[in-house]
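The values are calculated or read from the model by the stated rules, or taken from the named source; none is laboratory data. None of these values were measured; they are calculated from a predicted model. Using ideal geometry, Cβ is built from the backbone for each residue, glycine included, and neighbour counts are taken over all protein chains shown. Surface accessibility is based on the protein's heavy atoms, side chains included, excluding ligands, DNA and RNA. Shrake-Rupley method; radii C 1.70, N 1.55, O 1.52, S 1.80 Å.
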Amino acid sequence: MSSAESSGDGGKWLDAHYDPVAGIYSFSSCLDLADLSGDGENRLVVGDLGSGSSGMKLKVYRGTALMSESTLLDLPAGLVAFFMDLHEPRIPAVAVASGPCIYVYKNLRPYFKFTLPGLEINTLEQDVWQQVRDGQIDPLTLKEMLESIRKKADVPLSVRSLNFLSLELHEMDEFVELHKHQPIKRQTVITCIGTLKKNMADEDGVSCLVIGTESGEVFILDPEAFIILSKMSLPAVPTIMDVTGQFDVEFRITAVCRNGNIYILRRESDKPKYCIELSSHAVGLVRVGKNVVVGCTDETLQGFTQKGKKLWKTVLAAPITTMASMDLPTRGFQAVLVGLSNCEVQLYRDKNLLSTIKTPDVVTSICFGRYGREDGTLIVTTKGGGLMVKILKRTATFDDRDSAPGPPLAQSVRLNVPKKTKLYVDQTLRERESGLAMHRAFQMDLSRLRLAAAKAYVKALESSLTPMSASLAEPLKMNAVVQGLGPSFKLTLNVQNTAACRPIMNLAISFLYDESLYRMRNPYMRIPLLVPGLIYPVETFVECTSDKGISDIIKVFVLHEGRSSPLLTAHINMPVSEGLTLN
Amino acid sequence: MGLFDKLAAWLGLKKEVNVLCLGLDNSGKTTIINRLKPSNAQVQDIVPTIGFSIEKFKTSSLSFTVFDMSGQGRYRNLWEHYYKEGQAIIFVIDSADKLRMVVAKEELDTLLNHPDIKHRRIPILFFANKMDMRDALTSVKVSQLLCLENIKDKPWHICATNALTGDGLQEGVDWLQGPLRIHFNLLLSYISSALANLLLFVSLIPNIFMYSTVSPFSSLHRGPFHCRVKRKQQQLLRYCS
């Protein structure tokens, strides 16, 4: 038993038990927790798939030890514990669905076997086998006839005929001799099983069994007489089912089907009421309150309302292996446990990741509930057959968004959007009616604006109003720095020749300014030869003669001797002379 | 001890101790307390405790008031409100419940780290209960799983018990009396040492004046206490002269 912190779940879970070689090969649908002996201690019931062809077992765990083990005849498709009667002491029965049958165990002893009714048989097929029995046709003819029936018939062939068609020539005679006297049967197979309270919502109320079959049908069975109370049909084969409500009042069956859709059945109709079309196949389905959370093969988790409206979608780090619900009614806590193929079990409340549990192996099944005497117990089985039991700490709390990166909380705060005014509505109408004209007018204005901008740019370039020289012969750059508080300022002009290797000669600087405001020591200066790359600081002093606290622009021109148009122009925004105001 | 007991009786101090009985649900706390009560006060049917119940019983030297706390998850947050009053803790563990040993450890750690408990030398008695069960762990194994060896600053003791028959309970209660009496007597010894000092001082005053009249062999039939007094007198005299 290692410390809880090592598993990286923030110390929320206690590691109660881990047996890496428990030899449990099962899925979440074949796991259940129930008080099988009525002593207040819940046992873990597992329908073990064994190796897939042999070693199928019904295992019962109590605490850390295997309490009982009995062999199952066929692969379990689902397992549920349910109360079938009102007898005291209240001990639930265990129903194991395998093949076309449901095996009901009471006190861990076989109690009842229910077989689904057979399906309609192809009459042509029946006739053909009748002829074989009468000795009218030989196995080869039989094969030909069955093949032609298989190709065109609406009703599929029985398992016996299909088996026969797969045989080699020398095996046929034997097979026909062995089977020809038995009548043909066509059986469906149970794909999923669930429970539905009959008329009481109590924890220990009598429950009906709900069965989904390979023939795309859903049956509801009476728990005492094992008769079919209700039969509903789906457009595809259900694989995962969630049942809620009470049979006599109102119920809702949410079935994930093999065609990638989710169908929602209700009490009043035998056809699906709503349909959710998923973008990819579902791996798990969990009900949280009134919503369902679906895990898909495209590594997403999606939330839907019970009417099939999509609420949210979140992308996971790895493919989902299994899902289970985590329900703690005493703390009012409901969340979804998601087993991922990167050896993690993540806990989601809506789309928010609350906590992550690291496991030593890939999780194949998850079950959460009361185990032993502890309410918040998480049972996990792994791909390698391991069994892990974790107990939620009494003091553990789950905060929303404690580890989930995502949009800030403020984003989901509703804005107080004002009501639509008449003006707004009129505008919208106008936009809808004359959208084309408005777009054209806008494009026209945009073009005009661009033209005006281009014209101004060209003008600036032509009259060298920019601090960067545009002429290729004298590539110059200048910037100006004003220092001082006033009334005397120091003006530094940094002139740089940006040409690659040609020096520039015969340049001069001249200033244009308001003579009533400023006085300049030397308003005309000659610039020495400019070596390419170096920055030449040219300094002069400006004195502000006004005491009114106003400032103006001083224009600086860089001129070439013998030419009237400037090479460069800079506008210096002079600061307000603070020295005068201080005096 | 007899002297202190008499002194306590003379001072009118009854050795009543408050004991908290803690542990997970279904570990056998109520059954154990029921067993410790006199046989005529025992009840037959034990039901899960709701909240807590107060039970009293006496041993040869102590009078116990036990707060039998409910162990159910939803009542466990009540425990900490009684830590202040408790002078000892009985922690009951279901030795047959291997799965929930971690839960017991978690609750014990929470208890030991509580500010009302952490810095007190409060004795803790562990009962590894349900020893009669077939798959019960031994008391050594239980103490290993609960990491009891890490409790360094508190006296503790673990007993294997069977509350149905009462096996091991008396051993635990006998142990509990030891630290509790020491704890209790520590208080008494403070009082008595203060008294002794007062007596010494009073006895010194006449001795100073009686110095010349003390016979040389008077210390022979006096105990070491008087020898110390004698030495004190000499020191005093030296000081005076």
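Contact residues in region A:362-401 by the 30 Å² criterion (accessible area, 1.4 Å probe, full protein complex versus chain alone): A:373, A:374, A:391, A:394. Here the accessible area of region A:123-179 is 50 percent carbon and sulfur, with a 1.4 angstrom probe and all protein chains present.
Rounded to the nearest 5, what % of DSSP beta bridges with both residues in region B:18-188 are antiparallel?
30 percent
Computed from the Cβ-Cβ distance with R0 of 30 Å, the FRET efficiency linking residue B:16 to residue B:195 stands at 0.85. Shown are B:79, A:312, whose ranking by accessible area with a 1.4 Å probe and every protein chain present, most to least, is A:312, B:79.
When all protein chains stay in place and ligands, DNA and RNA are ignored, the 1.4 Å accessible-area order of A:501, A:275, A:367, largest first, is A:501, A:275, A:367. Projection of the Cα convex hull of region A:479-525, averaged over all directions and equal to a quarter of that hull's surface, yields 4.2 nm². Each label point was placed 7 Å from the Cα along the Cα-to-Cβ direction; for residue A:199 and residue A:333 their separation is 3.8 nm. The share of alpha-carbon pairs in the protein assembly as shown lying farther apart than 43 Å comes to 61%.
Semi-axes of the equivalent ellipsoid for region A:46-143, computed as √(5λ) from the eigenvalues of its C-alpha gyration tensor and ordered from largest down, come to 41, 18, 9 Å.
Each Cα pair under 8 Å and six or more residues apart adds its sequence gap; the mean of these over the residue count of region A:192-297 is a relative contact order of 18 percent. Loop-located trypsin sites (Lys or Arg not before Pro) across region A:173-256 with a Cβ neighbour count of 15 or fewer within 10 Å are A:185, with loop assigned by DSSP. Pair-distance distribution P(r) for region B:18-188, from all Cα-Cα distances in 5 Å bins starting at 0: 1, 8, 19, 24, 23, 16, 7, 2, 0, 0 percent.
Solvent exposure of chain A, expressed per residue, is 52 Å² of accessible area, with all protein chains present and a 1.4 angstrom probe. Rounded to the nearest 0.05, the FRET efficiency derived from the C-beta distance between residue A:383 and residue A:419 at R0 = 45 Å is 0.20.
A 1.4 Å probe over all protein chains sorts A:428, A:377, A:498 by accessible area into A:498, A:428, A:377, starting with the largest. The mean sequence separation of alpha-carbon pairs under 8 Å and at least six residues apart, normalised by the residue count of region A:123-179, gives a relative contact order of 30 percent. With a cut-off of 14 Å between beta carbons, the residues surrounding residue A:131 carry a summed charge of -2, where Lys and Arg count +1 and Asp and Glu -1.
All other residues with a Cβ under 11 Å from the Cβ of residue B:43 taken together, and with Lys, Arg as +1 and Asp, Glu as -1, what is their net charge?
Details: positive: B:35, B:37; negative: B:45, B:55.
Taking every other residue near residue B:43 into account, the sum is 0.
What is the helix-to-structure angle for A:169-179, meaning the angle in degrees between its Cα long axis and the longest Cα principal axis of chain A, kept from 0 to 90 and rounded to the nearest 10? For A:169-179 against chain A, the angle is about 60 degrees.
Between chain B and chain A, roughly 1400 Å² of accessible surface gets buried, counting both sides and using a 1.4 Å probe.
Within straight-line reach of residue B:141, meaning a Cα separation under 22 Å, sit the following lysines at least 8 residues removed in sequence or on another chain: A:390, B:29, B:98, B:105, B:130, B:152, B:154.
Once the Cα atoms are used to define both axes, helix A:435-462 deviates from the longest principal axis of chain A by about 40 degrees. Placing a pseudo-label 7 Å from each Cα along the Cα-to-Cβ vector at residue A:112 and residue A:131 gives an inter-label distance of 4.4 nm. With the simple model of a label 7 Å out from the Cα in the direction of the Cβ, residue A:409 to residue A:524 spans 7.3 nm. The fraction of all Cα pairs in region A:103-194 landing in successive 5 Å bins from 0 to the largest distance is 2, 12, 21, 20, 14, 9, 8, 7, 5, 2, 0, given as whole percents. Normalised radius of gyration (Cα atoms, divided by 2.2 N^0.38 Å) for region A:178-334: 1.14.
With viscosity set to 1.567 mPa s and temperature to 4 °C, compute the Stokes-Einstein D of region A:241-304, Rh being the Kirkwood radius across alpha carbon pairs; µm²/s, no decimals.
This corresponds to a translational diffusion coefficient of 107 µm²/s.
Interface residues of region B:90-115, defined as those with an accessible-area decrease of at least 50 Å² between the chain by itself and the complete set of protein chains (probe 1.4 Å), are B:99, B:100, B:102, B:106. If R0 equals 56 Å, the separation of the Cβ atoms of residue A:37 and residue A:442 corresponds to a calculated FRET efficiency of about 0.10.
Kirkwood radius, region A:476-582, all distinct C-alpha pairs, inverse of mean reciprocal distance: 14.5 Å. Taking every alpha-carbon pair under 8 Å whose residues sit at least 6 apart, chain A reaches a relative contact order of 10 percent.
Helix-only arithmetic for the protein assembly as shown: the sum of -39500 (n - 2.57) across DSSP H runs with n ≥ 4, divided by the residue total, places the mean residue ellipticity at 222 nm at -7000 deg cm²/dmol. Other residues lying with their Cβ under 14 Å from the Cβ of residue A:73 contribute a combined charge of 0, Lys and Arg counting +1, Asp and Glu -1.
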